[in-house]
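The values are calculated or read from the model by the stated rules, or taken from the named source; none is laboratory data. For clarity, every value in this text was computed on a predicted model and none was experimentally measured. Cβ: placed from backbone, ideal geometry, glycine included. Neighbour counts: every protein chain shown. Accessible surface areas use protein heavy atoms only, side chains included; no ligands, DNA or RNA. Shrake-Rupley method; radii C 1.70, N 1.55, O 1.52, S 1.80 Å.
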Amino acid sequence: MNESLEQVKRWLQRGHGDLMGSQGSLLGVDVGSYGLRVVLADVQGQQVIADNRPLPKAAPDGVVAAALELAHAVLERSGIQRQHLVRVGIGFGGPVNRDAGCTRLSHRTPGWENFPLAAKFEEALDTPALLDNDANVTALAEATFGAGRDVRNLFYLHLSSGVGGGMVLDGRLYSGATSTAGEVGHAIVRYDGPPCSCGARGHLESYVSIGGLLRRANELGLRTDDLHDLFNDSAIGRQVVGEATDLLGLMLANIVSVLDPDMIVLGGIVTRRGGDSLITAIRERLHESLPPTMRREVSVVASTFGYESVAVGALALAAQSLRE
């Protein structure tokens with residue numbers, strides 16, 4: 001068992017698992033962020049099991065069928081009966097309507113407009129299902145099991161093919177009035193900037209996502225489609241990363257001014273490729289950008305979880321719902 005799952009198991013075994021005063025199991029599902037991934041855990045922490053498959057090139061119903069097939073396979077491996085599931089949490093790689101349990105759309109795949117994803121899982125597994133977007137549930141994973149488990153207020157920033165954010169305030173996931181709080185990737189940097197995946201122009205995602213970073217590298221003369229090439233100490237790579245660091249530091253300073261979090265957690269493939277040097281540079285730029293009256297040392301750390309982050313966060317979403 002990897003360390004991510006061990007952290008979940010230890011949290012459950014410390015007594016948090018006695019969420020219902022009875023036996024039961026939780027299922028966390030990642031639909032689309034890192035392919036299809038599931039994490040299954042009994043609420044007492046006796047076993048935690050995960051598995052994954054590539055995301056099929058299919059319409060939403062086909063993706064759901066593949067995710068359910070994976071879930072049933074993990075249930076069979078565990079020996080847990082389907083009727084013992086008490087909650088399912090789902091993280092989706094796009095904006096959602098959390099209250100309705102529907103996806104709003106996918107910026108990269110058609111067909112997900114107003115799709116009743118939670119209801120599909122409820123019908124198939126005969127248990128309540130909760131839905132949120134991938135960055136939100138990853139924020140909850142970090143606040144529940146990971147780097148932020150000892151703080152009350154946390155902001156998570158995801159840097160990958162898309163850019164997203166999630167926040168846990170006073171120990172609770174905050175989704176806003178329309179389930180879209182934290183969408184920092186669609187904050188406007190320049191009105192006349194490059195196009196974003198959402199169709200608008202000049203959003204933060206246009207500059208600091210994988211595509212945005214590679215686009216800028218190509219503009220400067222580094223012809224590459226490999227993110228590794230930006231972190232190999234070439235002059236162009238340093239310029240691209242430096243520009244992105246400036247933008248991220250400024251944006252996170254604004255977030256600190258508004259939310260006053262204890263901690264900022266950075267995750268996603270860009271963060272993992274950049275490593276400690278990227279995180280240190282962003283932290284320094286953030287601190288420099290804070291107004292004098294608010295200047296303080298804000299903890300900026302790497303995400304605890306890798307590819308399991310969304311499924312683990314969906315599991316945390318399921319667990320949190322039992323306490324409400």
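Structural remarks
- Using only side-chain charges placed at the Cβ, +1 for Lys and Arg and -1 for Asp and Glu, the dipole size of the chain relative to its Cα centre rounds to 100 debye.
- Diffusion of the stretch 205-296 by Stokes-Einstein, at 20 °C in a medium of 1.002 mPa s and with Rh set to the Kirkwood radius over alpha-carbon pairs, works out to 156 µm²/s.
- Under the Karplus curve 6.51 cos²θ - 1.76 cosθ + 1.60, θ = phi - 60°, whole-Hz ³J(HN,Hα) for the stretch 78-84, x wherever Gly or Pro sits: 7, x, 7, 7, 4, 5, 8
- Value of Rg to Rh for the stretch 131-170 (Rh from inverse mean 1/r over Cα pairs, i.e. Kirkwood): 0.97
- Local charge for G193 was computed over the other residues whose Cβ lies under 14 Å away, with Lys and Arg +1 and Asp and Glu -1, and equals 0.
- Choice from V265, V96, V256 with maximal GNM fluctuation in the chain (Cα, 10 Å cutoff): V256
- From helices alone, the chain scores -12000 deg cm²/dmol at 222 nm; the rule is -39500 (n - 2.57) for each run of n ≥ 4 DSSP H residues, then divide by the residue total.
- For the options V258, V184, V163, a Gaussian network treatment of the chain with springs between C-alpha atoms closer than 10 Å singles out V258 as fluctuating the most.
- In the stretch 276-323, a dipole from Cβ-located charges (positive for Lys and Arg, negative for Asp and Glu) runs towards its positive end, and of A281, A302, A316 it is A316 whose Cα lies farthest in that direction.
- Two-site FRET efficiency, R152 against S277, from Cβ-Cβ distance with R₀ of 30 Å, rounded to 0.05: 0.55
- Taken per residue, the accessible surface of the stretch 108-149 reaches 37 Å², heavy atoms only and a 1.4 Å probe.
- Residue-span extension gain [E288 to A177] - 0.36 nm each, minus C-alpha spacing: 36.8 nm
- Mean Cβ neighbour count within 10 Å, used as a protection proxy, ranking 151-161, 101-111, 186-196 highest first: 151-161, 101-111, 186-196
- Selected from S303, S33, S197 as most flexible by GNM, with the chain as the system and alpha-carbon contacts under 10 Å: S197
- FRET efficiency estimate (nearest 0.05) - Cβ-Cβ, E243 to R223, R0 25 angstrom: 0.85
- Near A281: Cβ cut-off under 12 Å, other residues only, Lys/Arg at +1 and Asp/Glu at -1. The net charge is -2.
- Modelled spin-label separation between A59 and R14, with each label point placed 7 Å from Cα along the Cα-to-Cβ direction: 4.6 nm.
- All distinct Cα pairs of the chain go into the 1/r average, and the inverse of that average, the Kirkwood radius, is 20.0 Å.
- Modelled FRET efficiency - R0 30 Å, E69 with E113, Cβ distances, 0.05 increments: 0.80
- About the Cα centre, charge dipole magnitude for the stretch 237-324 (Lys/Arg +1, Asp/Glu -1 at Cβ), debye: 120 debye
- Between the stretch 134-162 and the stretch 240-275, the C-alpha centres lie 13 angstrom from each other.
- Subtracting the Cα-Cα distance of D51 and D233 from 0.36 nm times their residue separation leaves 61.9 nm of extension gain.
- Portion, in percent, of the accessible area of the chain that falls on carbon or sulfur, probe 1.4 Å: 48 percent
- Around G164: net Lys/Arg minus Asp/Glu count, Cβ-Cβ under 14 Å: -4
- Shape call, the stretch 124-211: gyration tensor on alpha carbons, a/c limit 1.5: prolate
- Solvent-accessible area per residue, Å², over the stretch 210-286 with all protein chains present [probe radius 1.4 Å]: 45 Å²
- Whole-Å distance, taken between Cα centres, linking the stretch 279-308 and the stretch 190-232: 22 Å
- Extended-chain gain in nm, criterion 0.36 nm per residue less alpha-carbon gap, E122 and Y191: 20.6 nm
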